[in-house]
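The values are calculated or read from the model by the stated rules, or taken from the named source; none is laboratory data. These numbers were taken from a predicted model, which means no experiment stands behind them. In this analysis, Cβ positions are derived from the backbone assuming ideal geometry, glycine residues included, and neighbour counts consider all displayed protein chains.
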Amino acid sequence: MNKAIIATTSLAGCFGCHMSFLDIDEKILDLIELVEFNKSPINDIKKFTKMCDIGLIEGGCCNDENVHILKDFRAHCKILVSFGECAIMGGLPALRNTIPLQECLDEAYLNGPSVVGNNEKGIIPNDEELPVLLNKVYPCHEVVRIDYHLPGCPPKAELIWEALYALVTGNPLKLPYEIIKFD
Amino acid sequence: MDKTVDVIIKKFNADKTRLMDILIDTQDEFGFIHESAADQISNTLDISRVDLEQTISFYHFFSTKPRGKYTVYINNSVVAHMAGRKDVVKAFEIEAGCKIGQVSHDGLIGLFNTSCIGMSDQEPSAIINGVVFTRLTRFRVKEIVKNIRAGIKVEDMFQASYGDGNNSLEIIKAVVNNHIMKKGPVLSLDYTFGNAILKIIKQNPKDVIEEVKLSNIRGRGGAGFPTGLKWDFCRQSIGERRYIFCNADEGEPGTFKDRVIMTERPRLLFEGMVVAAYAVGASEGILYLRYEYKYLHKYLDSILEEMRHMHFLGKNIGGKKGFDFDVRIQLGAGAYVCGEESALIESAEGKRGEPRDRPPFPVEKGYLGQPTIVNNVETLCAVVKVVLNGGDWYKSFGTSVSTGTKLLSVSGDCRYPGVYEVEWGFSVDDILEMIGAEQVQAIQVGGPSGTCIGPNEFDRILGYEDLATGGSMIVINNKRDILKDIVLNFTEFFIEESCGSCTPCRTLPILMKDKLIKIIEGKGVMQDLMDIERWSGIMKANRCGLGHTALNPILSTLKNFRHLYLDKIQKGVEFDTGFRLEEATKIGRLVTNRN
């Protein structure tokens, strides 16, 4: 059997979901028997080199770069999975969604107590290298089609493992209550 | 400690259940509820600060920040928009120098939106410091703001004359018109005040209930529960005392018939409450009056006083020993959901107007845990006529399933908006002819929570067997964009008015509004229409009628005006989230000067 090819990325997230992924511990040895990694921060492959079977997305979209990467993933992955609260709902970064972007930036760079007097020219960072912020933080499925959602903040390692295993082998997903209970 | 607040609290005996009244008086006195006033109320009444906070934040007309010396609440209903609200808002914003939702820099004028204030036959309208202004124009707005700047009191800003009928009475003095276009047995003047009371006190209460049952009259607020049955349940429930509530929280956009009844037939209404009290054995009555109709408060109070003098209220009513009953008026403070009977009771107890879980129903455990009946204004009026003329007489009107008459509140695109009392069984076509409506694209029957029908259904009849309605009829002509002008506004109304208790009602209308906007903007796909239909099933899980019907504006038009949706969605596109990078980065690029 050919190994399934997977890719992962962290958009507007904290890498916590990737950390949880690594919490599968010794199962990583089983995993590597099952799959081959393409673009991912885990192996530091920066560009897609081939079509992938599964893409795991951590984090939502808070700037244009996130959107480009997400669309690139959609174009290169047969199955796309939002994993973790931020990818599914926007998560912590989406707390800014109730405040207009202009106000957020004014507070951060012009009027905040820590910047008063330290930004005399009143500059809001605008270097071309910097991604442009979106008007609000979007969950991934509001930007591209997402096939599956793995909830959790972060999703438990067992859940990630079980989901990947099920996707790769075609076996039904085992979802005991304990791994999807959050309170 | 503030003396004024202390006086207000004492006026209501520091009674927790009168919190609404205390907050209303505090708000009226200071223009907002100051933190120290809130502390004082919370301490004196022994209510936790959080409990107080949640009551204050629930109602539109309470605020913890100043809303201007003159607070202008501009009606935001569909009919107001039809009548040119946009120009009026713009004129207010220019003249006052602030945007809607804000207070002018000098603190003089505050501009705010508010849900339907029950003036749909005379829009655009606004409430300024409790005084209703109707038929506003740009010119009139200029005059008003000029008067405000000159320091003239709102009460003195009247136009050429006051409204028709009792609206001109010294005690009301409102620039509001009744527009009674058609009278029937309920509105008919063929009635002598007190005769019903004098008749029933000679009867056994059970016989009164039997007569009401015989008439087959059903609740006129919209839900249509058989009145006689409700009374019977209440009579049979065990409790220390019983309560009669009159629901005058007429909040369904497009409805205003209760306002007209209370202006022109208040004695009939209160007599109905006395009849109900005798039938179920109640000792106290409460008229829950929506804040928007506060201008009728003094007048209604004066009628109650008159009734006490006539021995139609108080002890030994009509000379009947042991028949004691009195009525007080409870003001609301702006919340559509309080029209739901259990929410209304919660509100009258001084709490957030959140509907209760049922059972127990109010007839078993209602106000203060005692058996309570809540009847609509119109129902109580009709009952008096039933008692006087008999159930069989009442049944001679209407159809076999829907007996009697219904007061319709007609508004929108027609020549003669106003109140029409018609027998059940009239077809929509009959009504349209009567009200002078032409080139009609649709009729919204029963307000936003009702249904929107097109010309192919205009032969349907009004009645519980076909088109049930609480009375709101909004006519929509063929110049209107139904999705943008009507459905979107209604959906926003439900989002605004949800109490937030049940998750589907709190969240789904917002998701649906996003979908609707997506469709209106031409980004929609077939999947969106399917999602709307599939997802909406969960609304049944909500606790109250508002939650059950909050998606009706979308669902009923999706069913009856499907072509409007199909015309807007993209052809040949299967999937589109509606996300456009260009639009999403617009502000970000603007703020950082990057293009």
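I'm trying to understand the selection: among the residues of the stretch B:16-42, which are more than 24 Å from residue B:131 (Cβ to Cβ) and either free of Cβ contacts under 8 Å to residues at least 24 places away in the same chain or among the hydroxyl-bearing types (Ser, Thr, Tyr) (or both)? Hits for the stretch B:16-42 are B:17, B:36, B:39, B:42. A count restricted to the stretch B:480-498 and to residues that are touching a residue at least 60 places away in the same chain (Cβ under 8 Å) and surrounded by fewer than 16 Cβ atoms within 10 Å (Cβ to Cβ) stands at 2. If the condition is being polar (S, T, N, Q) and over 22 Å from the mean Cα position of the chain (by Cα), then the stretch B:430-487 contributes B:439, B:441, B:456, B:477, B:478. Can you confirm whether the stretch B:542-558 contains a residue that is surrounded by fewer than 17 Cβ atoms within 10 Å (Cβ to Cβ) and either more than 20 Å from residue B:253 (Cα to Cα) or of a type in the set (A, V, I, L, M, F, W, C) (or both)? No, there is no match, as no residue in the stretch B:542-558 is surrounded by fewer than 17 Cβ atoms within 10 Å (Cβ to Cβ) and either more than 20 Å from residue B:253 (Cα to Cα) or of a type in the set (A, V, I, L, M, F, W, C) (or both).
Filter the stretch A:119-133 for residues that are part of a loop (DSSP other than H, G, I, E, B) and touching a residue at least 24 places away in the same chain (Cβ under 8 Å); which is nearest to the other protein chains (Cβ to nearest Cβ)? The extreme case among them is A:132. Listed by position, the helices (runs of 4 or more DSSP H) contained in the stretch A:1-113 that have at least 2 residues being over 27 Å from residue A:125 (Cα atoms) are A:16-22, A:27-34, A:64-76, A:85-89.
Here is a yes/no grid of residues against (1) touching a helix residue (DSSP H, G or I) at 6+ places or on another chain (Cβ under 9 Å); (2) not assigned by TED's automatic domain parsing to the domain that holds residue B:84:
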{"position": "B:130", "(1), (2)": "yes, no"}
{"position": "B:134", "(1), (2)": "yes, no"}
{"position": "B:137", "(1), (2)": "yes, no"}
{"position": "B:150", "(1), (2)": "no, no"}
{"position": "B:174", "(1), (2)": "yes, yes"}
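Across the stretch B:554-595, the number of residues qualifying as outside any helix (DSSP H, G or I), closer than 18 Å to residue B:519 by Cα and either within 8 Å of chain A (Cβ to nearest Cβ) or not hydrophobic (A, V, I, L, M, F, W, C) (or both) comes to 10.
Please tell me if residue A:175 is in a loop (DSSP other than H, G, I, E, B), surrounded by 12 or more Cβ atoms within 10 Å (Cβ to Cβ) and within 14 Å of chain B (Cβ to nearest Cβ).
When the stated conditions are applied, residue A:175 does not pass them.
Regarding the stretch B:499-510, can at least one residue be identified that is surrounded by fewer than 18 Cβ atoms within 10 Å (Cβ to Cβ), assigned to a helix (DSSP H, G or I), within 14 Å of chain A (Cβ to nearest Cβ) and in contact with a Gly (Cβ under 9 Å, 6 or more places away or on another chain)? The answer is no, given that none of the residues of the stretch B:499-510 is surrounded by fewer than 18 Cβ atoms within 10 Å (Cβ to Cβ), assigned to a helix (DSSP H, G or I), within 14 Å of chain A (Cβ to nearest Cβ) and in contact with a Gly (Cβ under 9 Å, 6 or more places away or on another chain).
Looking only at the stretch B:348-374, residues that are out of contact with any Cys (no Cβ under 6 Å at 6 or more places or on another chain) and within 21 Å of residue B:325 (Cβ to Cβ) come to 12 in all.
Go through the stretch B:22-106 and tell me which helices (runs of 4 or more DSSP H), entirely inside it, have 3 or more residues that are β-branched (Val, Ile, Thr).
Output list reads B:49-58, B:85-96.
Taken over the stretch B:279-310, the residue count meeting the criterion of being touching a Pro at 6+ places or on another chain (Cβ under 7 Å) and surrounded by 24 or more Cβ atoms within 10 Å (Cβ to Cβ) is 1.
Does residue B:51 satisfy the condition of being surrounded by fewer than 23 Cβ atoms within 10 Å (Cβ to Cβ), modelled with pLDDT under 95 and over 30 Å from residue B:487 (Cβ atoms)?
Yes; evaluated as a whole, the condition is true for this residue.
Looking at the stretch A:17-61, which of the residues that are among the hydrophobic types (A, V, I, L, M, F, W, C) and closer than 26 Å to residue A:95 by Cβ is surrounded by the fewest Cβ atoms within 10 Å (Cβ to Cβ)? In this case the residue turns out to be A:19.
Among the residues here, residue B:463 does not qualify as crowded, with 17+ Cβ neighbours inside 10 Å, modelled with pLDDT under 95 and in contact with a helix residue (DSSP H, G or I) (Cβ under 7 Å, 6 or more places away or on another chain). Which one of these does residue B:492 not meet: (1) farther than 28 Å from residue B:181 by Cα; (2) assigned to a strand (DSSP E or B)? Unmet for residue B:492, out of (1) farther than 28 Å from residue B:181 by Cα; (2) assigned to a strand (DSSP E or B): (2). Strands (runs of 3 or more DSSP E) fully within the stretch B:121-238 that include at least 3 residues being modelled with pLDDT of 95 or more and of a type in the set (Val, Ile, Thr): none found. Summed over the stretch B:307-360, the residues that are of a type in the set (Gly, Ala, Ser), in a loop (DSSP other than H, G, I, E, B) and in contact with a helix residue (DSSP H, G or I) (Cβ under 9 Å, 6 or more places away or on another chain) give a count of 6.
Please work out if residue B:409 is in a strand (DSSP E or B), among the small types (Gly, Ala, Ser) and not assigned by TED's automatic domain parsing to the domain that holds residue B:211. Answer is yes for this residue. Criterion applied to B:489, B:478, B:542 was being in contact with a helix residue (DSSP H, G or I) (Cβ under 6 Å, 6 or more places away or on another chain) and more than 24 Å from residue B:225 (Cα to Cα), and the one residue passing it is B:489. The set of residues from the stretch A:116-144 being closer than 30 Å to residue A:85 by Cβ and touching a Lys or Arg at 6+ places or on another chain (Cβ under 8 Å) comprises A:132, A:135, A:136, A:137, A:143, A:144. The set of residues in the stretch B:343-354 being surrounded by fewer than 24 Cβ atoms within 10 Å (Cβ to Cβ) and at negative phi consists of B:346, B:349, B:351, B:352, B:354.
Please determine whether any residue of the stretch B:64-84 is hydroxyl-bearing (Ser, Thr, Tyr) and surrounded by fewer than 18 Cβ atoms within 10 Å (Cβ to Cβ). Yes: one or more hits. Listed by first and then second residue, the pairs linking a residue in the stretch B:305-318 that is in contact (Cβ under 8 Å) with a residue 24 or more places away in the chain to a residue that is small (Gly, Ala, Ser), with Cβ atoms under 6 Å apart and 6 or more places separating them unless they lie on different chains, are B:312/B:194.
Of the candidates B:471, B:446, B:412, the single residue that is at positive phi, at pLDDT 95 or above and small (Gly, Ala, Ser) is B:412.
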